[in-house]
Each structure stands twice: as C-alpha cells, then as structure tokens.
Protein chains: 2
Amino acid sequence: MAELKLKLQLMHGGEIAMGPGKAELLDAIEATGSISAAARSMGMSYRRAWMLADTMNRCFAQALIETHPGGGKQSGARLTEAGKRAREAYAALVEMAQAGADGVALSALTRMLRD
Amino acid sequence: MAELKLKLQLMHGGEIAMGPGKAELLDAIEATGSISAAARSMGMSYRRAWMLADTMNRCFAQALIETHPGGGKQSGARLTEAGKRAREAYAALVEMAQAGADGVALSALTRMLRD
C-alpha cells in the first residue's frame, strides 16, 4: 500500500538541466522521432516540449537533441550520442538513489503507517 | 555550479503521507509550538498547514501531531513521540537516497554539463 516516489532534478545555474519530465521527453523523442510527436504522446504542448529540449541543449556542453527542420525524411528530431549518454546516466542515478533509499529508514517509516 | 535536488514522497493510499513540505511543517511545529505559527513561518496559510497535519495524522497509525485547542498555555500543537520518530526516519531516508545518488552516475552526468 505504501510506495516511495523519488524525484531527482539536476540543477545547473538556476535551471533544471535534467529531471523526470526531461528524461521522459528524451525517451519520447527517441520513440517518435520528433519533438511535436513526443509532445503529443506526453499530452504536452509543442511549445513546452521545445522549451524543455532547449533548456537541456543549453545546460549541457554538447546538445542532447538534434533537430532537422524542413520537410521530407530529414524532418524531426533525435537524440545525439551525448543525449543517449545523459539519458542513461540519469536513469542510473535514479536507480542508485532508489537503492540507497531502500533500507532501514524506509522500513521504519513504512511500518508506522496505518494498515 | 551543478546541484542535485532530491524529493522523496511516501505515498499511502493515494495520499502523500510524508514529503519535504510535511517534514518542514513538523520541524516548524516543533520550533514554534503551534500550527498557526508554523504556517506563518513557512509563508503558508493556516488552512493548508492544518490539512497537511491532518493528512499525516490520518496516514500514520499513531497521530504525529497533537493539538491542544483552547486558550492559555495549553493552546498550540506539538509532535508526539511517533511524530518525532517519523521525522527522524524521513530525514534518514533522504540522507540515504542522497548518499546512494552520490556516485559515478552523478559524476558522469555532471561532467557533461556546460562549464
């Protein structure tokens, strides 16, 4: 019945360089091949998705997302090698934090909850 | 320049039994001795603070906060023994999660940020 929700945000100069929403957007861009389709799949406006992508690209030394404006097959967006590495490192970070949290303190707190 | 923000929420039957705001409220009640003063010190409405306190008291088997309505010295609120234990367990949980996160994945991600 009890569940622990963990949210990790990597801040960089007052901006969120990476967090749950941005990580999900990276996944959706990889899955759909465009920012607009990724936004739609997340129920998010194109403008909001574009701003999240722009923030990531500005916070990281190398862009995480590559866009190909214009029509035809080149249209769309995809993750760069840096984007794939950042996505993996963030997933590992969340997993490590969850593993760290999963100990005696969590058991103690969970045991105190109402049945 | 980079900083990791970690937010842990212990969910119980669709409600947040404990999280950063509720932990801060417990601290403020302990420091001020009343829900209204705690709310003021956090820039929060009395109604909101009362609802957070009520949620905690309902989610845990034993109430975390004890109120003494009425005037005089008995007026106010304080943490029960269960409240103090829950506060400590949550702090330990956050510390453990942070320690877990503080590893190679965080270094890898941080190194990728713009200088």
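Please go through the range B:1-55 and give me each residue that is within 19 Å of B:Met96 (Cα to Cα) and either more than 12 Å from chain A (Cβ to nearest Cβ) or assigned to a helix (DSSP H, G or I) (or both), ordered by number. Residues satisfying the conditions are B:Pro20, B:Gly21, B:Lys22, B:Ala23, B:Glu24. Contact map, the range B:96-115: residues that are more than 7 Å from every other protein chain (Cβ to nearest Cβ) paired with residues that are assigned to a helix (DSSP H, G or I) and at pLDDT 95 or above, Cβ distance under 7 Å, separation 6+ or inter-chain. No pairs are found.
Every test in (1) open to solvent by 60 Å² or more (accessible area, probe 1.4 Å); (2) assigned to a helix (DSSP H, G or I); (3) more than 14 Å from every other protein chain (Cβ to nearest Cβ) is passed by B:Glu88 save one, and that test is (3).
Any residue in the range B:35-48 that's among the small types (Gly, Ala, Ser): show its pairings with residues that are open to solvent by 70 Å² or more (accessible area, probe 1.4 Å) at Cβ separation under 6 Å, as long as the two are six or more apart or on different chains. Final answer for the pair search is B:Ser36/B:Tyr46; B:Ala39/B:Tyr46. Would you confirm whether or not the range B:59-74 contains a residue that is in contact with an Asp or Glu (Cβ under 7 Å, 6 or more places away or on another chain), more than 10 Å from every other protein chain (Cβ to nearest Cβ) and among the hydroxyl-bearing types (Ser, Thr, Tyr)? Scanning the range B:59-74, I find no residue that is in contact with an Asp or Glu (Cβ under 7 Å, 6 or more places away or on another chain), more than 10 Å from every other protein chain (Cβ to nearest Cβ) and among the hydroxyl-bearing types (Ser, Thr, Tyr), so the answer is no. Of the candidates A:Leu64, A:Leu79, A:Leu6, the single residue that is modelled with pLDDT of 95 or more, under 23 Å from B:Met1 (Cβ atoms) and of a type in the set (A, V, I, L, M) is A:Leu64.
Right, A:Ala63: touching a helix residue (DSSP H, G or I) at 6+ places or on another chain (Cβ under 8 Å) and assigned to a loop (DSSP other than H, G, I, E, B) or not? So A:Ala63 passes the test. Please go through the range A:36-62 and pick out each residue that is crowded, with 22+ Cβ neighbours inside 10 Å and either among the basic types (Lys, Arg) or closer than 16 Å to A:Gly83 by Cα (or both). A:Ala38, A:Ala49, A:Leu52, A:Ala53, A:Met56, A:Cys59, A:Phe60, listed by residue number.
The values are calculated or read from the model by the stated rules, or taken from the named source; none is laboratory data. Keep in mind it's a predicted model, so treat the numbers as computed, not measured. When we count neighbours, we look across all protein chains shown, and the Cβ atoms used for this are built from the backbone with ideal geometry, even at glycine. Remember, those area values only see protein heavy atoms, side chains included, never the ligands or the DNA or RNA. Shrake-Rupley method; radii C 1.70, N 1.55, O 1.52, S 1.80 Å.
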